[in-house]
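Here's the structure, in structure tokens; my notes come after.
The values are calculated or read from the model by the stated rules, or taken from the named source; none is laboratory data. Please read these numbers as outputs of a predicted model, since none were measured by experiment. Glycine also receives a Cβ, built like all others from the backbone with ideal geometry; neighbour counts cover every protein chain displayed.
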Amino acid sequence: MHKLAAIILVVGFALSSVVFVLAPEDVEPSGTYVIATGNSKSYLNQLERIGGKSAVVAAEFSEWFDGLWHGRQLAGTLAVLTIGAALACMAAARLLPPDD
């Protein structure tokens with residue numbers, strides 16, 4: 001399992017590096033609505049009036065989360081997911097009985 005964790009780290013960081021180098025610096029998510037292209041005051045005011053403060057927080061969270069999957073942010077997301085997968089693999093290895 002430790003070898004698998006090392007392979008996950010090497011492949012994940014290599015892929016993350018390639019994405020970082022090849023991705024454009026600032027990319028807008030392609031699935032955004034025209035009305036929600038930014039956090040303009042009028043948009044946030046209307047959103048708060050219709051759905052309350054929780055709608056504004058949810059919209060901001062959604063915009064942040066969508067941004068994690070585009071451009072250079074994707075490289076960071078892949079690096080964090082790689083570390084998480086390797087740590088999960090190491091934790092699973094500790095639960096298994098030792099090989100003698």
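Being surrounded by 11 or more Cβ atoms within 10 Å (Cβ to Cβ) and modelled with pLDDT under 60 is the filter here; which residues of the range 10-34 pass it?
Within the range 10-34, Val27, Glu28, Pro29, Thr32 meet the criteria.
Go through the range 48-72 residue by residue and tally those that are free of Cβ contacts under 8 Å to residues at least 40 places away in the same chain, part of a helix (DSSP H, G or I) and either buried (at least 17 other Cβ atoms within 10 Å of the Cβ) or not basic (Lys, Arg) (or both). Spell out how you get there, then give the answer.
Taking the range 48-72 and keeping what is free of Cβ contacts under 8 Å to residues at least 40 places away in the same chain, we get 48-68.
From the residues that got through so far, the ones that are part of a helix (DSSP H, G or I) too are 48-51, 53-67.
Now drop any that are not either buried (at least 17 other Cβ atoms within 10 Å of the Cβ) or not basic (Lys, Arg) (or both), which leaves 48, 50-51, 54-67.
Total satisfying the criteria: 17.
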